[in-house]
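Here is the structure we will look at.
The values are calculated or read from the model by the stated rules, or taken from the named source; none is laboratory data. Please read these numbers as outputs of a predicted model, since none were measured by experiment. Note that we place each Cβ from the backbone using ideal geometry, even for glycine, and neighbour counts take in every protein chain shown. Keep in mind that these areas ignore ligands, DNA and RNA; they rest on the heavy atoms of the full protein, side chains included. Shrake-Rupley method; radii C 1.70, N 1.55, O 1.52, S 1.80 Å.
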Amino acid sequence: MNRTLRAALFLVFAVTGASALILQVVWQRVISMHAGVDLYSITTVVAAFLGGIGLGSISGGWLADRLGPRKSILTFSLSNAGIGAFSLISIWLFYDVYRDSIVPLESEGVVSFLFHFALLLIPTFLMGLSLPLVSRGVVGHIEDAGPLIGRLYAANTVGAASGAAVSGWFLLGNLGFEGSVRVAASLNLGAALVVLALWKSISERADYPAGTSPHGNTAESRGRGAGGWIILYAITGAIALGLEVVFFRIVDGVIRSNSYTFAHVLSLYLVLFAAGAALGARTLRKRKPNPARAFLLLQSLVGLSALLGPLLLIRAPRLAGLGNEAHSYFSSHGYLDGFSLNNAGDYAKLGFAYLVAPLLLMGLPVLCMGASFPFVQALVASDLGHLGRRTGLLLFGNVAGNVVGTLLTGFVLIDAFGSFGTLRILGSVLITAAIAGAWLSRGQKRGLAVALALVILMVVGAFAAPSNEAAWAFMHAAPLDQIDVEEDSSCANALKQTEGFSEMYVNAASQNGYPFDDFHVLIGLTPVLMHDSPARGLAVGLGIGATTYGLMQDPRVDLVETVEVCGKEIDLLRTLSHENAWELEFMFEDQRIDLLVGDGRKHLLRASRELDVVTIDTLRPTSAFSGNLYSVEFYELVASKLREGGLIAQWAPTSRALNSLQSVFPHVVQFSVESYNNSVFVVGSKNPFTFDRAGVLGRFDALGPELRFSESQAQSLRHFFESVEPQSAPPANARSDQLNRDLFPRDEYFLNN
């Protein structure tokens with residue numbers, strides 16, 4: 001293959017990387033609507049996605065060696081055509097078919113896992129074929145295997161980074177999920193046609209018998225011990241994905257994320273990885289270092305820089321004389337509510353949150369992860385006839401390690417040690433790489449000195465790294481004795497306590513506080529007092545517990561289910577209940593409450609009981625995944641679970657959210673709460689209803705001994721029911737661009753809408 005053809009193939013390979021990331025982002029989001037956003041559902045998707053890529057890598061390697069260079073390129077073209085064809089029907093499969101055919105069959109998630117795994121296996125298997133096939137087509141000399149495949153990997157990763165950025169910042173918000181998938185499908189189908197044209201230009205002489213080289217150079221000694229390096233790369237792959245999980249959790253906390261955060265952080269991560277792979281490939285080609293020693297030392301640098309990252313995040317602002325500014329930023333909501341850029345200071349904070357802080361945490365570790373790939377590729381390459389198989393096995397080992405690392409970090413380490421504790425453990429494990437590098441360098445004074453220095457620095461870094469509690473306290477701008485932190489795989493929860501007030505945080509973003517404010521209590525209390533017989537209620541989201549508490553005050557309520565995705569909130573509230581939060585103590589002692597950890601929409605989808613009242617937590621519409629709870633389809637789901645005359649109550653933060661609610665519940669009234677900055681919540685129903693002031697006041701007064709509010713709040717609530725003038729909601733705007741749909745959550749992508 002001449003240089004022009006090779007450059008064109010590199011470009012096409014980058015485009016397919018962009019398509020793959022667009023599809024991954026969209027598919028995971030679409031699947032979450034019915035499978036949930038809890039850890040188990042997300043892990044299912046990740047495992048299925050990586051599993052398909054891993055199987056595709058092994059198969060692609062075997063095929064590449066059997067087919068030879070020219071036919072491998074043709075097969076790569078066909079695989080892209082297959083990905084594009086599947087993509088065009090993927091939303092129908094993952095959304096419509098799943099909702100209509102799979103959900104009724106299962107309740108525990110087994111059928112869901114099998115369904116998603118089987119479907120995702122098709123396109124991800126085809127994606128996994130790519131690198132072994134393309135590698136077989138472009139490598140003409142075995143000595144070029146490491147540098148060339150490293151550059152290929154870098155090109156594909158750069159494409160993936162652009163796909164993540166473009167999808168997150170532009171496509172999802174402007175085209176919705178279906179439109180974004182069509183763009184990705186077009187990229188794959190276009191890539192298939194371009195590769196087919198390139199294939200016709202490749203000389204027939206490029207094909208030669210398996211196991212041989214066109215230059216007669218088998219270089220068998222290069223591949224000795226390949227199995228050991230593949231296993232080692234699998235282990236480092238587990239650590240790499242564990243670190244990625246932790247990096248994303250911490251950066252999410254720094255930014256106080258909105259719906260654009262994930263795409264930004266992912267694209268930054270991939271850019272760093274691609275830059276590392278390109279740098280490693282160039283170093284290997286130009287300087288020809290010992291690949292074994294280079295790989296081990298790079299992995300030890302991953303560990304060292306991961307250990308130092310949190311220390312840099314905490315110490316760097318103070319060392320730069322910006323300690324007060326950092327404290328001011330971490331005392332704020334960050335970018336949870338969107339972007340407000342009015343002066344140079346605002347832009348400086350944006351640069352810190354979206355660029356400086358992520359680079360301090362993950363810049364060097366991710367660069368080193370990427371840089372290590374060309375060296376390990378060179379270590380497993382033996383001869384051109386087995387290049388595809390070795391590349392496929394290497395990728396499969398890494399992907400298998402990725403899956404293990406994700407599961408181990410998500411289900412075990414973060415639960416036990418928290419994000420920063422997990423970072424310390426994962427970084428410390430790589431001390432073994434530095435020790436192995438020292439052993440390999442024992443014949444070289446300079447290499448041995450570097451390796452031993454890394455060992456010492458990593459040990460020091462492991463001890464110097466901040467504790468989980470201290471690091472989260474810094475990110476909440478709180479003294480250590482004023483904050484309690486509880487983490488699990490889904491969320492990092494914190495309860496920040498100042499004199500007379502306790503505030504709940506999720507991933508460092510503030511929620512609401514105790515003592516309960518009227519607004520959140522009224523969202524639960526108002527609909528039960530308005531309902532003739534509110535036997536069963538459901539609260540989607542727990543927060544500080546105020547809405548659930550209001551919902552369960554009426555003794556006519558027999559059961560109140562509350563579903564919260566961040567399970568550690570419950571533990572923090574139990575702790576608070578023992579610290580004179582007597583309302584919470586009563587709530588936990590009440591036998592009518594059923595606290596469930598999981599995804600609220602997923603719970604509703606599978607619920608068999610009919611409900612009388614459903615309340616939705618006051619979720620910010622700019623939050624990631626908020627579109628799952630503010631869409632027309634979600635309200636249709638709620639309506640299907642309500643009995644005749646059932647009521648829904650929630651905050652209506654935007655006109656689109658209100659329009660979407662009214663498209664399903666035509667009878668809606670609005671309540672303004674003066675004591676909470678005139679914030680508005682709504683109550684809706686499919687049936688006509690009125691606010692019977694006398695009846696509501698009578699029921700409120702009849703609560704008697706069951707009424708568990710402070711005297712001042714009881715007076716405030718009664719005053720509200722005495723004086724409030726409910727307003728009929730304005731006529732709904734049914735234009736498509738004024739509604740939130742499952743497949744086009746416009747409010748969530750506020751910059752584009």
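Odds and ends about this structure:
- Being closer than 30 Å to VAL429 by Cα and crowded, with 22+ Cβ neighbours inside 10 Å is a condition met by at least one residue of region 313-328.
- Helices (runs of 4 or more DSSP H) lying entirely in region 423-519 (those with 1 or more residues that are modelled with pLDDT under 95, aromatic (Phe, Trp, Tyr) and more than 31 Å from the chain's Cα centre (by Cα)): 431-440
- Answer residue from region 501-530, given it is hydrophobic (A, V, I, L, M, F, W, C) and in contact with a Ser or Thr (Cβ under 8 Å, 6 or more places away or on another chain) and is nearest to PHE586 (Cα to Cα) among those: VAL521
- Comparison of VAL638, VAL680, VAL664 shows that the only residue that is β-branched (Val, Ile, Thr), surrounded by fewer than 18 Cβ atoms within 10 Å (Cβ to Cβ) and under 33 Å from the mean Cα position of the chain (by Cα) is VAL680.
- Matching option when the condition is at negative phi, at pLDDT below 95, in contact with a Lys or Arg (Cβ under 9 Å, 6 or more places away or on another chain) and not hydrophobic (A, V, I, L, M, F, W, C), among SER72, SER101, SER112: SER72
- Total residues in region 286-317 satisfying the condition of being at pLDDT 90 or above and of a type in the set (Lys, Arg): the figure is 2.
- Among the conditions (1) in contact (Cβ under 8 Å) with a residue 12 or more places away in the chain; (2) closer than 23 Å to ALA451 by Cβ, the only one that GLY228 does not satisfy is (1).
- Residue in region 692-705 that is touching a residue at least 24 places away in the same chain (Cβ under 8 Å), assigned to a helix (DSSP H, G or I) and exposed (fewer than 12 other Cβ atoms within 10 Å of the Cβ) present: no
- Of all residues in region 629-664, those satisfying the criterion of being part of a helix (DSSP H, G or I) and within 17 Å of PRO731 (Cα to Cα) are VAL632, SER655, ARG656, ALA657, LEU658, ASN659, SER660, LEU661, GLN662.
- Restricting attention to region 281-312, the residues that are open to solvent by 40 Å² or more (accessible area, probe 1.4 Å) and hydrophobic (A, V, I, L, M, F, W, C) total 4.
- One residue from ALA118, ALA145 being at pLDDT below 95, open to solvent by 10 Å² or more (accessible area, probe 1.4 Å) and more than 30 Å from ASN753 (Cα to Cα): ALA118
- SER130 being modelled with pLDDT under 95 and of a type in the set (S, T, N, Q): yes
- When region 254-280 is filtered for residues that are aliphatic (A, V, I, L, M), open to solvent by less than 20 Å² (accessible area, probe 1.4 Å) and in contact with a Ser or Thr (Cβ under 8 Å, 6 or more places away or on another chain), the ones remaining, listed by number, are ILE255, ALA263, ALA274, ALA277.
- Filter pass, VAL37 being open to solvent by 10 Å² or more (accessible area, probe 1.4 Å), of a type in the set (A, V, I, L, M, F, W, C) and not in a helix (DSSP H, G or I): yes
- Which numbered condition ALA197 misses (of (1) over 30 Å from CYS368 (Cβ atoms); (2) at pLDDT 95 or above; (3) open to solvent by 10 Å² or more (accessible area, probe 1.4 Å)): (2)
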